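> One structure is given below, represented as structure tokens, and several questions about it will come after.
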Amino acid sequence: ASGSLKNASGARLCDYLVRLHFYRGKSFVRTWVTLRNARAAYPTPFTFNSAEVVVPLSLGSGQRFTTATSRGTVSDNLGATETAYLFQAYSTVNGSGENDYANAPMVHSGSSFSQSGVEVRKVGGTVYQGLTGNAGDYAHGWAALEDNTGKGATVGLRWMSAFWPAGFELSGDGTARVELFS
């Protein structure tokens, strides 16, 4: 699928391409999302604050999320109005200097950033793993949301620690978000 992302007034900001890969006999779909601003007819630069893919799921009761980082696995129940998230801040694991994005919501000072590592928490609640400031902390790049029967979905972001800032948001209403640029 391809198209253009537009602002509230309908002006084109950039183009996108979504590639869906389905595999016979498999229960998963691989998705590749590309954002680009390469058309000569649209040379206007723009800045964006976030980009995410929202995956609405039709699940039964008893939502549970699971994710893993270099500091261990986190799993807990989610109430219908609760949201848990994993946030990947600056990390040196699998990273490169190419991701030194000046508009990232982290202050760059010398060779370090104001937010480093990974955090897992419920919004307004439990902190399972807080940001430590250790750039060696990283997300394993996946998160799962399922109901009490085991029905659900696992979302992932390849090389997540290298593509910071990134994250996952999992909600008790059955919504999973892959935050490509959070």
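> In the neighborhood of R30, defined by Cβ-to-Cβ distances under 14 Å, what is the net charge if each Lys or Arg adds +1 and each Asp or Glu adds -1?
With Lys, Arg at +1 and Asp, Glu at -1, the net is +4.
> Could you name the lysines whose alpha carbon sits less than 27 Å from that of K151, not counting residues in the same chain fewer than 8 places away?
Excluding near neighbours in sequence, the set is K26, K122.
> At a probe size of 1.4 Å, how large is the accessible area of W159, to the nearest 10 Å²?
140 Å²
> Within a Cβ distance under 10 Å of D76, other residues only, what is the Lys/Arg minus Asp/Glu net charge?
Cβ neighbours under 10 Å give a net charge of +1.
The values are calculated or read from the model by the stated rules, or taken from the named source; none is laboratory data. The structure displayed is predicted, hence computed values, not measured ones. Cβ coordinates were reconstructed from backbone atoms using ideal geometry, including for glycine residues, and neighbour counts include every protein chain displayed. To get the accessible areas, we keep the full protein, side chains included, count just its heavy atoms, and leave off ligands, DNA and RNA. Shrake-Rupley method; radii C 1.70, N 1.55, O 1.52, S 1.80 Å.
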